[in-house]
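S.K.: Dropping the structure in here first, questions after.
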Amino acid sequence: MKSKSAQLFLMIWLVAPTIAGADKLSETASSVGGSGSRSSSGDDDSCIILCAVLEVIFDSMWEDDDPVDTPAEPARQPRFRFAPYPYAAGHTGYKVTEPDSKISGGEIIVDGSIQISSERWAEPFQQTERWSLRTGSDYQYDLDAVHLVSAYVKLKNGFGYGFDFRWTEFFERLDGEIDTLSLLQAGLSWDFVPHTIFGIELSAVLLGMSYDGNLFPGAALRIGFDIMPLRPLIISGQVIAGGLNEATYLHSRGTLGVAIRQLELYAGYDIRIFDGDTPITYHGPVAGIRLWF
């Protein structure tokens, strides 16, 4: 039964209607590749954006939180920790922020009173993690009959710094054959607005597009957010702007998800624009799954 269902899905996908203006992936690669007559100012702007974002992220890593002379502490403490998964164990969201407290050895001083604890985090910070791992996959149907499949992973620590990687494969049916294009995205991120209910992160992103043996590099700035207004809803979105070879690259997405312990099911809308010699736009509904650890 499963094999018949898979064959039926593949058959429907292969015979899906293709509108006029096919060969969209080839047009995208041509637009990004350029004619060679365009100036390199777009690439320079991308490098400037990338360097500026990296400077902000690295400056925040080594900034002195308390320049006044104070007794030495064993180590710098994380800004927050992570619940096992969104809304776990009565948490209002996913991040658990640090209270207004000072820690000295095993003593936790909160509002002037001393509480003895073997942990360096008071309740509700016990039963939380120093690291967060998110991974998932989604599918998007472009309204020009192009199919996009993505997989991604994101690793983040309690100081707000993280790394993420996303791979997106574009599929298009042409004269009975399947044309493909790959887009790779790797980013270094920093949570500059950490909160239990919402968070906003800034990322410096390296881009790479591969088509027919050609590789086109790029760089961009990404701003993303996650909002957890009430159990079990998760609202997520992002905006990416930068350069990809000789084209301007823009990507915007918004999704609404439902959390079931570690599993999130989400759906939304996604728009990508490759604005080179010829502007090429991909847009359509997107749906996927995400795992929170």
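Bear in mind that the values in this text are calculations on the coordinates, not laboratory data. Please read all numbers here as calculations on a predicted model, not as lab measurements. Here Cβ is always computed from backbone atoms with ideal geometry, including for glycine, and neighbour counts include all displayed protein chains.
S.K.: Taking the Cα of Arg231, stepping 7 Å toward and past its beta carbon, and measuring to each backbone N in the range 126-156: which are under 19 Å?
M.R.: 126-129, by backbone N distance to the label point.
S.K.: His283 to Ile197: extension gain in nm, 0.36 nm per residue of separation minus the Cα-Cα distance?
M.R.: This chain segment gains 28.1 nm when fully extended.
S.K.: Let me ask something else. How far apart, in nanometres, would the label points at Ser210 and Phe293 be if each is projected 7 angstrom from Cα along the Cα-to-Cβ direction?
M.R.: Placing both labels 7 Å beyond Cα along the Cβ direction yields 2.5 nm.
S.K.: Points 7 angstrom from Cα along the Cβ direction at Ile178 and Arg130: gap in nanometres?
M.R.: Between Ile178 and Arg130, the label points sit 4.3 nm apart.
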